[in-house]
Amino acid sequence: MRFTHVRLNEWVKKMAEMCGPDRVVWVDGSEEEKIRLEKEAFATGELLQLNQKKMPGCVYHRTAPNDVARTEHLTYICTSRKADAGPTNNWMPPKTAYAKARTIFKNAMKGRTMYVIPFSMGPVGSPFSKIGVELTDSIYVVLNMRIMTTIGTPVLKKLGDEGSFTKCLHSKADLDINRRLILHFPEDNTIWSVGSGYGGNVLLGKKCLSLRIASYLGSQEGWMAEHMLIMGVEKPNGHIVYLAAAFPSACGKTNLAMLVPPKGLAKKGYKIWTVGDDIAWMRIDTDGGLWAINPETGFFGVAPGTNSKTNPNAVITSRTNTIFTNVLLKPDKTVWWEGGDGPIPSRGTDWRGRPWKPGLTDENGEIIKGAHPNSRFTAPIGQCPTASFRLQHHHGVPISAIIFGGRRAHVAPLVYESFNWQHGVYVGATMASERTAAQYGAEGEVRRDPMAMLPFCGYNMGDYFRHWLKMGRTMDKPPKIFNVNWFRTDNDGKFLWPGYGENLRVLEWIADRCENTAEAHKTPIGYIPTNRSLDLTGLKLPNGNLEKLLAIDKDVWEKEMNAHEEFFATFGKSLPAELKHELNSQRARFKKA
Ligand code: O2Y
Ligand code: MN
């Protein structure tokens, strides 16, 4: 393949001059290349080959102990004006950011290879898709990008001589957290990431491009980049209703995206189709409706807690051709994690590379985990038993409903439908989740996370809300907007709803509402199911639970709406007036009720 894209060549040359690699290799995406890169990484210890009899095509990787999750405090939006990054983002002026990072990138790739990865987020050639080129000194990154996106020659071909692309530069450098920066330059369509070798910090097509840069591009070009799963609910009559759903972390987004229908509903003919588990790019199509693609081709899923009960489809998906990061390595070169299948191994090597056995404690008497809580599997979406047949469709799938959700013990009912798009935007903008005991921080503390985009919106969130409102006005047939809460508890802290596959009962109601075939009654916060409109066939819900799940407590909501007001105040003048109006209208409805 001849490289005829002058701007691309010049940029690669310039970045190589700064980073000083021993060689530059253009990635073609072929199978031979994958085998060659794996072999090289096995030789250096960057990767370990797993048991090929039990786990064909699977490999193992450990990251530095200080480098195990996205580092939000080191993540910046670098716009000329601070106001354009808004109150929810870290901001640095572009000039300062480039200068700071340049000193870290300088000769950071000495003795290493710089890989040039052309990649397409979305099917190559689709009007939804965007091309990026990531330069990296990590084979682990190349192999992950290979699963998560389409890479190599077909993308370069599509780029041609002058196609536009996001410039993505990454170096592990010395993995020093004090010299780690994740920088986004929306005005330059550029991302620079240095000092990390893990996940969202380095797979630059994922959060950095597909959410932060893409949300900015979407606001300029009239489309939406959202932190949402996409799934199809096939009804017994064969009609598939597509939903997009946003949840903060620790709400089971990946599990929901590939849910297994409970027996009763499966027997009726319900089926699930997985389009994506993390990101949705949505455009208004010629029918005036909203259509979505998943720009990714893989899952970067959390391993702990994933098992044949919580997510059988993820277990099947990650049996082959999967990269495991920071999980426990067993003596037979297979893997395990807390909350995984099978018996707890009697010994192994933990995610830090230390000998491990159950019950080991650290100097504070805390149990040492075999797998890091944020350990991951990177697996191709095509291997998922419920993978949608429309994954490669250039216009994606038509979205009938948008679902917001969070983990709320007492506030939100199991499900409610907003009155209209504008009210739905208010519901999304006030989304929140309560911390679990497993999360860092005070248990029960409420964290606002509008549209689950707080760490991922690449521009001022007030303007982002305004963009949502405008998209609604532009559509002939906007999707209906719902809110769900699988985590409501009784006074003893016991969950009222069984969750997992049973969540399909709620999705069924949502799908039926989209087709105007399910009953609801009006409350001050929106429409909720009538007692008989939720399909509970075969579910033994304890007496009284449904009423508790759907209850709306006026006093609790009074406090909640005060919190909304406080949250809105943090946006100052950038908050669209429509959202304050929705809050006031909701208050008035409660007064009247
Ligand atoms: O910690 C990381 O680097 C990964 S974060 C992540 C990965 C896959 C899907 N979603 C997320 C997230 O933080 O929302
Ligand atoms: Mn995510």
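Which residues in segment 39-66 have a backbone N closer than 20 Å to a point placed 7 Å from the Cα of ASN364 along the Cα-to-Cβ line?
Under 20 Å, as judged by backbone N against the label point of ASN364, lie 65-66 of segment 39-66.
Enumerate the calculated ³J(HN,Hα) couplings along segment 234-250 in order (Karplus 6.51 cos²θ - 1.76 cosθ + 1.60, θ = phi - 60°), each rounded to whole Hz, writing x wherever the residue is Gly or Pro.
Residue by residue, segment 234-250 yields 8, 8, x, 7, x, 6, 9, 9, 9, 10, 10, 9, 10, 9, x, 5, 6 Hz.
So if the hydrodynamic radius of segment 466-586 is defined as the Kirkwood radius over C-alpha pairs, what does Stokes-Einstein give as its diffusion coefficient at 37 °C and 0.692 mPa s, in µm² per second?
D = 194 µm²/s.
Kindly express, to the nearest 10 degrees and within the range 0 to 90, the angle between helix 577-592's C-alpha long axis and the longest C-alpha principal axis of the chain.
Around 30 degrees separate the two axes.
If we count other beta carbons within 10 Å of each Cβ, what is the order of LEU507, LEU534, LEU575, fewest first? The partial results should precede the final answer.
Numbers: LEU507 25, LEU534 22, LEU575 19.
In increasing order of surrounding Cβ atoms, one gets LEU575, LEU534, LEU507.
So if we plug the beta-carbon distance of LEU536 and GLU31 into 1/(1 + (r/R0)^6) with R0 = 60 Å, what FRET efficiency do we get, rounded to 0.05?
For R0 = 60 Å, the calculated efficiency reads 0.80.
With 28 Å as the limit, write out which pairs from LYS477/LYS540; LYS207/LYS494; LYS34/LYS167; LYS172/LYS573; LYS522/LYS559 have Cα-Cα distances beyond it, or answer none.
LYS477/LYS540; LYS207/LYS494; LYS172/LYS573
Given H placed on each backbone N at 1.01 Å, which residues far from ALA432 in sequence or on other chains put an amide H within less than 5 Å of it?
For ALA432, the qualifying residues are ASP449.
How long are the semi-axes of the ellipsoid equivalent to segment 379-460, from square roots of 5 times the Cα gyration tensor eigenvalues, in whole Å, largest first?
28, 20, 14
Quick query: amide H of ILE403 versus all other amide H atoms, modeled in the peptide plane; which residues come in under 5 Å with a sequence gap of 5 or more or a different chain?
Under 5 Å from the amide H of ILE403 lie the amide H atoms of ALA244, ALA245, ALA246, PHE482, each far enough along the sequence or on another chain.
What spacing in nm lies between the two simple spin-label points modelled at LYS559 and ILE177, each 7 Å away from Cα in the Cβ direction?
3.4 nm
Looking at segment 238-314, which trypsin sites (Lys or Arg not before Pro) are DSSP coil and have at most 14 other C-beta atoms within 10 Å of their C-beta?
Loop-located and lightly packed - LYS309.
Evaluate 2.2 N^0.38 Å with N set to the residue count of segment 165-282, then give the Cα radius of gyration divided by it.
Working: Rg = 18.4 Å, N = 118, 2.2 N^0.38 = 13.5 Å.
Ratio of Rg to 2.2 N^0.38 Å for segment 165-282: 1.36.
For segment 36-161, what is the number of Lys pairs with C-alpha distance below 24 angstrom, counting only pairs 8 or more positions apart or on separate chains?
The result is 9.
Using only the alpha carbons, work out the radius of gyration and Dmax of segment 17-102 in angstrom.
When restricted to the Cα atoms of segment 17-102, Rg and Dmax are 19.4, 56 Å.
Using 0.36 nm per residue of separation minus the Cα-Cα distance, give me the extension gain between ASP490 and LYS39 in nm, one decimal. Before the final figure, lay out the partial values.
Working: separation 451, 0.36 × 451 = 162.36 nm, distance 5.40 nm.
Working it through step by step, the gained length comes to 157.0 nm.
Could you estimate the translational diffusion coefficient of segment 513-568 from the Stokes-Einstein equation, with Rh from the Kirkwood formula over C-alpha pairs, at 25 °C and 0.890 mPa s, in whole µm²/s?
Values: Rh = 13.6 Å.
My calculation gives 181 µm²/s for D.
What angle do you read, to the nearest 10 degrees and between 0 and 90, between the alpha-carbon axis of helix 461-474 and the longest principal axis of the chain?
Once rounded, the angle reads 60 degrees.
If only Cα atoms are counted, what is the Rg of the chain, and what is its Dmax, in Å?
Values for the chain (Cα only, Rg and Dmax): 23.8, 72 Å.
Working out 0.36 nm times the residue gap between LYS591 and LYS106, then minus their Cα-Cα distance, what length gain in nm do you get to one decimal? Walk me through the numbers before you get to the answer.
On the way: separation 485, 0.36 × 485 = 174.60 nm, distance 6.23 nm.
My answer for the length gained is 168.4 nm.
What order do you get for 539-549, 209-219, 52-62 when each peptide is scored by the mean count of other beta carbon atoms within 10 Å, highest first? Before the final figure, lay out the partial values.
Values: 539-549: 13.3, 209-219: 25.6, 52-62: 17.7.
Taking the mean over residues of other Cβ atoms within 10 Å, the ranking is 209-219, 52-62, 539-549.
To the nearest 10 degrees, how steep is helix 94-105 against the longest Cα principal axis of the chain, on a 0 to 90 scale?
Roughly 50 degrees, rounded to the nearest 10.
How do LYS592, LYS330, LYS14, LYS158 line up, fewest other C-beta atoms within 10 Å first?
On the way: LYS592 7, LYS330 20, LYS14 10, LYS158 16.
Fewest-to-most ranking of LYS592, LYS330, LYS14, LYS158: LYS592, LYS14, LYS158, LYS330.
By how many nm would the segment from ALA266 to MET18 grow when fully extended, if each residue of separation counts as 0.36 nm and the alpha-carbon distance is taken off?
Length difference between fully extended and current span is 83.5 nm.
If the reach is capped at under 19 angstrom between alpha carbons, list the lysines near LYS369, excluding any in the same chain fewer than eight residues apart.
Cα-Cα hits under 19 Å: LYS330, LYS333, LYS357.
Could you give me the ³J(HN,Hα) list for segment 171-183, computed from phi with Karplus coefficients 6.51, -1.76, 1.60 and θ = phi - 60°, whole Hz, x at Gly and Pro?
Values per residue, Gly and Pro as x: 9, 5, 6, 9, 6, 8, 4, 7, 10, 10, 9, 10, 10 Hz.
Explain nothing, just the number: relative contact order of the chain, from Cα pairs under 8 Å at least 6 residues apart, as a whole percent.
Here the relative contact order equals 14 percent.
Across segment 68-83, in residue order, what do the Karplus-derived ³J(HN,Hα) couplings come to in whole Hz, using 6.51 cos²θ - 1.76 cosθ + 1.60 with θ = phi - 60° and x for Gly and Pro?
Residue by residue, segment 68-83 yields 10, 6, 4, 10, 5, 6, 10, 9, 10, 9, 10, 10, 4, 9, 4, 4 Hz.
Bear in mind that the values in this text are calculations on the coordinates, not laboratory data. Since we're looking at a predicted model, the values are computed, not measured. Using ideal geometry, Cβ is built from the backbone for each residue, glycine included, and neighbour counts are taken over all protein chains shown.
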